[in-house]
Amino acid sequence: MTASEARTTAPGAAAVLAVTDLTVGGMTCAACVRRVEKRLARLDGVSAAVNLATGRARVSHPDHVTPADLVAAVESAGYTAEPSEPPRARQEPAGREEPAPARHGERDRLLVVALLSLPVLVLSMAPAWQFRNWQWLCFVLAAPVAVWGAGPFHVRALRGLRHHTATMDTLVSLGVAASFGWSAYALFLGGAGAPGMRMPFSLLPSSGAGGGAAEIYLEAVVAVPLFVLAGRLLEARARHGTGQALRSLAALGVKDVAVREGAGERRVTLAELRVGQVFVTRPGERVATDGEVVEGSSAVDLSLVTGESEPVEARAGSSVVGGAVNVGGLLLVRATAVGADTRLAHITRLVTDAQLGKARAQRLADSVAGVFVPVVLTVAVTVLGFWLGAGADPQAAVTACVAVLVVACPCALGLATPTALLAATGRGARLGVLVGGARALEGLRHVDTVVLDKTGTLTAGRMSVARVTALPGGIGEQAAVRLAGAVEQGSEHPLGRALVAYAGRPLPEVTGFRALPGTGVSGHVEGRFVEVRSPQGELPEPLARALDACESARRTPVLVHVDGSPEALFAVGDVVRPGSYRAVDQLKRLGVRPVLATGDREATARAVAAELGIADVRARCSPEEKAELVRGLRAEGRRVAVIGDGVNDAAALAGADLGIAMGAGTDVATGAADVTLVRDDIEAVADAVRLARRTLATIRANLIWAFGYNAVTVPLAAVGLLTPMLAAAAMSASSLLVVGNSLRLRTWRPAPRGGLR
């Protein structure tokens with residue numbers, strides 16, 4: 001999204017704000033995130049949210065602040081920045097892999113560092129292998145690691161110094177420099193360079209090397225860059241995995257499409273396709289863009305777009321979604337939306353926007369990280385001074401100081417929320433649940449009341465056949481359905497269309513069709529006179545009982561006469577979605593109270609509520625009354641979510657703690673919602689609640705680990721119980737554990753239908 005593509009008005013402000021996305025380079029920890037946000041916030045009227053995992057910043061700013069000003073502000077903080085390309089200009093969405101040259105460069109650097117470090121680590125940790133002058137060989141091998149291998153850390157540390165800031169790179173750079181400097185002193189001036197020197201290995205710091213010479217820390221010199229570079233590479237690959245859903249969405253797009261022109265075809269690029277043009281989708285191909293089928297019939301696989309597990313039948317008049325796979329016959333489709341207006345583009349934008357958010361706990365972590373590195377530097381200097389002042393051996397003081405510098409890394413703090421959000425929102429998108437970010441997840445986590453619309457949410461929102469009762473001994477249900485559907489082919493009435501849809505195709509031809517205003521239709525089918533009309537007069541007992549049940553359920557009865565005799569009774573109405581039963585049950589089992597609020601009649605509303613087991617029913621609610629209901633529930637202290645699909649639900653959706661829109665609903669409803677159910681299945685609501693609870697639990701676990709790690713390791717290093725080498729390994733492991741814990745969300749599965757998980 002570029003500045004020209006988004007405009008928002010801040011509450012209570014007259015100024016119109018633009019929104020610009022920036023790609024920020026050079027960030028390595030939460031302290032970097034905090035610094036970039038603070039530097040951007042110095043500009044008048046500017047606020048920013050920076051994501052370490054994706055390397056992106058979303059910036060809200062007045063029109064007089066240009067993207068160039070934003071880039072300059074980020075660069076003044078010591079980082080690189082450029083406006084993100086709009087979605088149609090780039091091949092992949094946010095969260096994509098690093099460019100191949102950069103990725104290969106880091107891998108090559110790690111490989112060289114590993115080859116140089118291995119002999120140093122082996123000789124330092126195996127006294128039996130320490131030959132004459134072994135320490136000088138290790139020094140020669142460690143020198144390029146300290147200078148070139150750790151070069152990126154030194155460069156970023158110096159850049160930060162020029163901008164009066166300190167980050168994780170500062171800690172690593174100082175740790176490597178201090179270890180190498182002390183080792184050089186020990187070799188050249190401290191007696192450690194003697195030909196016969198032997199250095200015993202211990203996991204705990206020792207008071208000196210063999211022979212009373214000063215101890216060398218060459219294993220720490222090579223281990224710190226080795227472990228940190230390896231950790232960064234593994235971490236980058238793991239973070240890349242959390243963005244898999246977005247890359248899958250991007251891969252659904254096609255590059256070119258066959259446009260039908262007269263009797264022929266012409267292939268054009270997708271960018272050249274225009275609304276109204278008819279294009280061809282052959283079996284096995286993806287539908288190029290959103291459209292309406294004008295010819296042909298086929299099964300369409302929507303699993304990667306909406307999460308629907310079973311293919312959907314598409315025929316003339318059916319809507320299809322760009323990115324769906326045609327698994328059947330040839331389809332001719334008229335484009336109804338292209339480019340950024342398609343449903344796939346909308347899904348991609350929602351997922352990308354969600355991944356830029358921050359949970360409340362993460363905002364606290366970022367605030368802590370902003371002062372963390374300066375505090376660590378102060379602690380390291382204090383530890384060094386304390387040890388020297390207490391009369392300890394200088395090398396023990398240096399060991400403790402270096403270990404504090406190396407072990408205290410705020411990387412895990414910065415990755416705790418973004419990686420979990422990347423994995424969770426991506427997984428939700430694959431399941432047909434689009435969550436609007438960290439705040440929406442937090443809202444889902446704490447919801448205890450759900451206000452449900454009826455029509456289009458709990459029910460199908462269209463007339464359909466709910467039940468057929470055939471007269472025993474007559475022509476049978478199947479024949480009655482077939483004949484009724486055949487006669488209704490000539491009707492445009494909603495009841496007639498419901499009967500035709502229920503009967504399916506193909507249907508026999510009807511002759512002598514006649515519409516009876518206010519009563520029904522009639523015609524001849526296969527030599528038989530068929531009437532489909534409202535019930536009148538007395539009926540045989542089985543059909544009379546079916547009529548009573550139909551009226552009790554507030555459905556419309558339709559009677560089929562064949563050659564003057566009643567044969568079957570159809571109960572037609574807006575039927576409850578099959579998934580609504582399980583959805584309501586699962587919400588109640590999750591501790592969420594359902595409330596039915598509808599503009600429909602009292603009797604109809606209560607019939608649906610009784611069928612679903614909903615005790616709290618509010619019928620004949622206007623849009624204003626729905627919004628007032630939400631305000632009243634919130635005033636009682638309840639956390640309220642509203643689920644709806646129409647314009648009449650928009651006010652309630654916007655006024656709730658959390659708005660959830662059905663994917664097939666209006667743009668007004670989805671625009672006012674925090675969560676969108678793309679797969680148009682209300683069962684996804686319970687899935688969304690469970691996913692939110694699992695995600696927030698993962699974020700909490702990540703942050704507890706990140707804070708706990710530093711709370712334990714920094715004191716251990718300060719009192720001399722950690723060597724710099726172990727500190728480097730622990731620091732890298734902390735980030736990997738956080739990312740690995742978040743990756744578990746990629747395999748999260750919703751509860752099996754009919755049960756809970």
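The values are calculated or read from the model by the stated rules, or taken from the named source; none is laboratory data. Bear in mind the structure is a predicted one, so any value in this text is a computation, not a measurement. Reconstructed Cβ throughout: ideal geometry from the backbone, glycine too, with neighbour counts over all protein chains shown.
Some observations on this one:
- Some residue of the range 580-591 being within 19 Å of Gly456 (Cβ to Cβ), touching a Lys or Arg at 6+ places or on another chain (Cβ under 8 Å), surrounded by fewer than 17 Cβ atoms within 10 Å (Cβ to Cβ) and not aliphatic (A, V, I, L, M): no
- Pairs are defined by a Cβ separation below 8 Å, a sequence spacing of at least 6 or placement on different chains, a first member in the range 148-174 that is closer than 12 Å to Val406 by Cα and without any contact (Cβ under 8 Å) to a residue 40 or more places away in the chain, and a second member that is small (Gly, Ala, Ser) and outside any loop (DSSP other than H, G, I, E, B); the pairs so defined are Ser173/Ala157.
- Considering residues of the range 6-54 that are under 24 Å from the mean Cα position of the chain (by Cα), assigned to a loop (DSSP other than H, G, I, E, B) and over 18 Å from Arg159 (Cβ atoms) only, the residue modelled with the lowest pLDDT: Ala6
- Test set (1) in contact with a Lys or Arg (Cβ under 7 Å, 6 or more places away or on another chain); (2) modelled with pLDDT under 80; (3) closer than 21 Å to Leu726 by Cα - Thr165 fails condition number: (3)
- Pairing each residue of the range 600-617 that is outside the structural domain of Ala553 (by TED's automatic domain parsing) and loosely packed, with under 13 Cβ neighbours inside 10 Å with any residue that is at pLDDT 80 or above and part of a helix (DSSP H, G or I), provided the two are 6+ apart or on different chains, yields C-beta distances under 9 Å for Gly613/Tyr581; Gly613/Val584; Gly613/Asp585; Gly613/Lys588; Ala615/Ala609.
- Each residue in the range 701-749 was checked for being surrounded by fewer than 18 Cβ atoms within 10 Å (Cβ to Cβ) and touching a Ser or Thr at 6+ places or on another chain (Cβ under 6 Å), and 0 pass.
- Scanning the range 367-375 for any residue that is modelled with pLDDT under 85, surrounded by 22 or more Cβ atoms within 10 Å (Cβ to Cβ) and among the polar types (S, T, N, Q) turns up nothing.
- From Ala345, Ala340, residue being in contact with an Asp or Glu (Cβ under 9 Å, 6 or more places away or on another chain) and either in the same structural domain as Thr54 (by TED's automatic domain parsing) or modelled with pLDDT under 80 (or both): Ala340
- Unmet requirement for Asn741, which otherwise passes all of (1) under 30 Å from Val222 (Cβ atoms); (2) in contact with an Asp or Glu (Cβ under 9 Å, 6 or more places away or on another chain); (3) of a type outside the set (Gly, Ala, Ser): (2)
- Which listed residue is surrounded by fewer than 17 Cβ atoms within 10 Å (Cβ to Cβ), at pLDDT below 90 and either in contact with a Lys or Arg (Cβ under 8 Å, 6 or more places away or on another chain) or in a loop (DSSP other than H, G, I, E, B) (or both), from Gly537, Gly573: Gly537
- Check on Gly175, in contact with a Leu (Cβ under 9 Å, 6 or more places away or on another chain), buried (at least 16 other Cβ atoms within 10 Å of the Cβ), at pLDDT below 80 and within 30 Å of Pro195 (Cα to Cα): yes
- Only listed residue being among the small types (Gly, Ala, Ser), more than 30 Å from Gly537 (Cβ to Cβ) and touching an Asp or Glu at 6+ places or on another chain (Cβ under 9 Å), chosen from Ala568, Ala610, Ala635, Ala583: Ala583
- Annotation: of all residues in the range 476-522 being over 15 Å from Asp563 (Cα atoms), hydrophobic (A, V, I, L, M, F, W, C) and part of a strand (DSSP E or B), the one that is modelled with the highest pLDDT is Ala515.
- Subset tally (residues that are at pLDDT 80 or above, surrounded by fewer than 19 Cβ atoms within 10 Å (Cβ to Cβ) and either more than 17 Å from Thr28 (Cα to Cα) or of a type in the set (Ser, Thr, Tyr) (or both)) for the range 75-106: 4
- Just so you know, in the range 494-516 the residues that are out of contact with any strand residue (DSSP E or B) (no Cβ under 6 Å at 6 or more places or on another chain) and without any contact (Cβ under 8 Å) to a residue 12 or more places away in the chain include one that is surrounded by the fewest Cβ atoms within 10 Å (Cβ to Cβ), and it is Pro506.
- Evaluation of Val608 against the conditions (1) among the β-branched types (Val, Ile, Thr); (2) within 31 Å of the chain's Cα centre (by Cα); (3) part of a helix (DSSP H, G or I) shows that the sole unmet condition is (2).
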